[in-house]
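What follows is a single structure, written as structure tokens, with notes after it.
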Amino acid sequence: MNNIISELYPVNNEVRNAQLLDGLWRFCFDPEGSGEREGWQEKGIPGAVSMPVPASFSDIFTEAWKRDYCGDFWYETDIFLQEYREDRQYIIRFGSVTHRCTVWLNGMQIAEHEGGFLPVLADVTGAIRPGKNRLSVKANNELNETSIPCGATAVQKDGRKLASGYFDFFNYSGIQRSVWLEQIPAVSILDYSLSFELDGADAIVNYEVSAGGAFDASEGVTAVLKLTDADGNTAAGACGFRGSFRVENAHLWKVRGAYLYSLAICLEKDGSLLDRYDARVGIRTVKIDGEKILINGEPVYLKGFGKHEDFEVLGRGFNYAVAKRDYECMKWIGANCFRTSHYPYAEEWYRMADEEGFLIIDEVPGVGMMRSFANFAAAGAGASNGFFGDCPDVELLQKNHRQAVTEMILRDKHHPSVFAWSIFNEAETVTDAAHDYFAPLFDLARKLDPEKRPVTGVLEKTSSPERCKCYPLMDFICLNRYYGWYISGGKLEDAREQMVGEMDAWAAKKLNVPFLFTEFGTDTLDTLHKLPSVMWTQEYQQEYMEMNFSVFDSYPFVQGELAWNFADFQTGQGIMRVNGNKKGIFSRNRQPKAAAFTMKKRWEEK
Ligand code: EVA
């Protein structure tokens with residue numbers, strides 16, 4: 001765990017410098033897994049080709065074996081440092097490396113990280129030198145039942161490995177997010193936490209700042225905070241490592257009406273500046289009150305999508321233009337929320353959501369905890385298994401899961417957009433072993449979050465009101481349901497009856513918590529029309545949505561609808577997928593299908 005190095009997003013100011021290392025790196029596969037033994041970290045990688053960073057390597061090549069490659073692979077680049085300063089700390093920060101990596105600088109190991117969707121941090125103070133430095137990364141994208149997401153790795157007849165995820169998205173891999181070299185003061189701000197209370201027109205901001213390096217607070221180092229409004233006027237200030245301050249007539253961050261303050265957090269000694277971190281702050285509160293979700297004390301009905309980081313050629317590589325287009329499409333359709341299904345996204349997504357006023361359910365890669373690549377279908381057919389009872393090393397799995405929850409909350413707790421944490425998607429939840437596995441992870445999330453946001457998990461069909469043992473852990477309940485697709489496909493009236501049957505059973509429990517539909521949808525080809533409709537056509541997707549909406553509207557505890565999926569996305573190959581999952585309301589190139597207009601009409605009125 002990288003808990004000593006700060007997770008704070010890189011900033012540039014008078015004392016901090018963050019240099020992007022993105023661009024064309026050198027790349028090679030290492031199918032024998034022999035690179036480290038052969039000293040590639042010292043000698044350089046053999047037979048390298050150029051590879052864009054950030055991007056998944058998968059859809060860059062034209063050969064199938066490279067797209068489907070599973071095993072070790074290497075990236076390498078040169079970093080040029082003009083001057084080494086003794087009073088600075090040097091940090092290399094990868095937004096993520098999927099799914100695990102070891103990193104060297106000039107042949108010296110500087111980091112090792114498990115988990116493919118959260119930052120990899122390396123303190124290279126002392127290791128980096130003036131002039132040219134070689135940065136080498138050995139990454140690996142195998143899947144197993146002790147890492148998250150879960151899956152299996154098979155060896156094929158030709159000796160090549162093949163990953164099969166217990167999940168429905170392509171196992172995109174590589175350095176998929178930006179890489180930075182940060183230079184920060186030797187005495188530096190490690191972390192800060194904020195929480196908010198509303199008091200009439202004012203807000204009380206409770207804060208805590210932690211600092212590290214060669215310093216001792218008793219030696220006269222102090223934290224000084226200054227909050228500035230969007231017009232550049234000072235709104236509040238405070239001194240000391242913890243405390244609270246009042247913002248008079250606070251301008252609140254609202255859903256689809258964002259307002260961000262700037263917060264300068266400074267470390268000072270005898271009036272001189274040691275470090276400064278520039279944060280953006282959205283003042284808002286989150287609360288669950290009975291069946292309602294309250295933002296700033298007001299109920300909000302969630303409208304939006306489960307998404308993926310996914311696009312042509314880039315794979316899961318972050319790209320500002322694609323992300324911006326997604327926000328524009330979501331605004332056009334009247335959405336206000338999305339879930340980062342099924343892993344924490346690149347941090348730029350959250351920074352943009354803060355600005356655009358979207359709510360986010362932030363999800364760890366706790367997906368595939370059911371031994372089936374298509375549990376949504378298997379479950380529909382009544383299948384289920386006790387994943388946690390016979391997982392090969394449940395303690396190791398839980399350790400990796402705990403690490404992901406910790407790193408996600410440390411990374412994302414500052415975002416006003418993030419209003420809830422999701423601990424799993426469609427895990428097995430029907431055994432006592434599942435409950436015992438998840439309970440400590442829910443506790444951990446509650447403990448780590450200074451704002452005590454709601455914590456949830458996402459339930460598939462087997463997790464029924466009668467059988468699920470994990471819903472009592474959740475602050476609100478998320479259901480993924482495909483009545484009219486995997487169940488009673490093509491028979492929407494039968495589907496409605498079954499769906500109502502299940503909803504009546506939930507209602508009878510009188511849980512007095514909000515419910516969200518976090519997935520519902522139909523595979524739909526953006527080229528296919530038919531009257532009367534049949535499955536896979538755009539007309540069917542519209543009728544399915546209308547049926548679902550009418551059921552949602554008859555249960556007041558349903559407080560949101562996140563359709564599956566925002567856009568079509570790549571999956572592995574199989575008879576259930578036509579070059580990927582086609583449940584998008586938008587096509588993969590972000591154009592609306594017919595149902596988008598149905599949803600726009602509803603969401604603009606709701
Ligand atoms: C689907 N169903 O069938 C989706 C999957 C998703 O892509 C699910 O949570 O239940 C899963 O990953 O299209």
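Values quoted throughout were computed directly from the atomic coordinates according to the rules given, and no laboratory measurement underlies them. From a predicted model like this one, the values you see are computed outputs, not experimental measurements. Heads up, the Cβs are rebuilt from the backbone with ideal geometry, glycines too, and the neighbour counts pull from every protein chain shown.
Let me make sure I get this right: for the stretch 482-524, a, b and c are the square roots of the gyration tensor eigenvalues over alpha carbons, sorted descending. Under 1.5 in a/c it's rounded, otherwise prolate if a/b > b/c, else oblate. Which is it? In terms of gyration-tensor shape, oblate. Residue separation of Glu86 and Lys287 scaled by 0.36 nm, minus their Cα-Cα distance, works out to 67.7 nm of gained length.
Amide H to amide H, with H built 1.01 Å from N, Val430 comes under 5 Å of Lys469, counting only residues 5 or more places away or on other chains. Taking amide H as placed 1.01 Å from N in the peptide plane, the amide H of Ile477 sits under 5 Å from that of Phe515, Leu516, each at least 5 places away or on another chain.
The share of alpha-carbon pairs in the chain lying farther apart than 44 Å comes to 19%. Looking at the stretch 96-166, the pairs of alpha carbons with a distance over 20 Å make up 43% of the total. The stretch between Glu248 and Val313, if pulled fully straight at 0.36 nm per residue, gains 18.5 nm over its current Cα-Cα span.
Coupling constants for the stretch 480-497 follow from the phi torsions by the Karplus curve (6.51 cos²θ - 1.76 cosθ + 1.60, θ = phi - 60°), and in residue order they are 9, 9, 10, 5, x, 10, 6, 10, 6, x, x, 10, 5, 6, 4, 4, 4, 4 Hz; glycine and proline get x. Remark: spin-label model distance Gln498-Thr222 equals 6.6 nm, labels positioned 7 Å along the Cα→Cβ axis.
In order along the stretch 420-431, the Karplus-derived 3J(HN,Hα) couplings, from 6.51 cos²θ - 1.76 cosθ + 1.60 at θ = phi - 60°, round to 7, 10, 10, 8, 7, 10, 6, 7, 5, 10, 9, 10 Hz, and Gly and Pro are given as x. Compared with the alpha-carbon gap, the fully stretched path from Leu294 to Arg590 is longer by 103.4 nm at 0.36 nm per residue. The equivalent ellipsoid that matches the C-alpha gyration tensor of the stretch 136-237 spans semi-axes of 47, 22, 14 angstrom, in descending order. Remark: spin-label model distance Arg129-Phe61 equals 3.4 nm, labels positioned 7 Å along the Cα→Cβ axis.
When the convex hull of its Cα atoms is viewed from all sides, the stretch 471-606 shows a mean projected area of 9.0 nm².
Each DSSP beta bridge with both residues in the chain is either parallel or antiparallel, and the antiparallel ones are about 75%. By the equivalent-ellipsoid construction on the alpha carbon gyration tensor, the stretch 532-606 comes out with semi-axes of 24, 13, 13 Å, ordered largest to smallest. Here the stretch 24-126 has an Rg and Dmax of 14.6, 49 Å, counting Cα atoms alone.
Ranked highest first by average number of other Cβ atoms within 10 Å, how do 155-161, 279-285 line up? It would help to have the intermediate numbers written out before the result.
Details: 155-161: 10.3, 279-285: 20.6.
Peptide ranking by packing, descending: 279-285, 155-161.
Shape verdict for the stretch 227-362, please, from the Cα gyration tensor: rounded (a/c under 1.5), prolate (a/b greater than b/c) or oblate. All intermediate terms of the calculation are to be shown ahead of the outcome.
Details: a/c = 2.33, a/b = 1.46, b/c = 1.59.
Judged from the Cα gyration tensor, the stretch 227-362 comes out oblate (a/c at least 1.5, b/c at or above a/b).
Which order do peptides 396-404, 190-198, 98-106 fall in by mean Cβ count within 10 Å, highest first?
Details: 396-404: 19.8, 190-198: 18.1, 98-106: 21.6.
Descending mean neighbour count gives 98-106, 396-404, 190-198.
Given +1 at the Cβ of Lys and Arg, -1 at the Cβ of Asp and Glu and no other charges, the dipole of the chain around its Cα centre is 900 debye to the nearest 20.
Over all directions, how big on average is the projection of the convex hull of the alpha-carbon atoms in the stretch 466-544, in square nanometres?
5.8 nm²
Here the 3J(HN,Hα) profile of the stretch 249-255, calculated from phi with Karplus coefficients 6.51, -1.76 and 1.60 at θ = phi - 60°, is 6, 4, 8, 7, 7, 10, 5 Hz, Gly and Pro shown as x.
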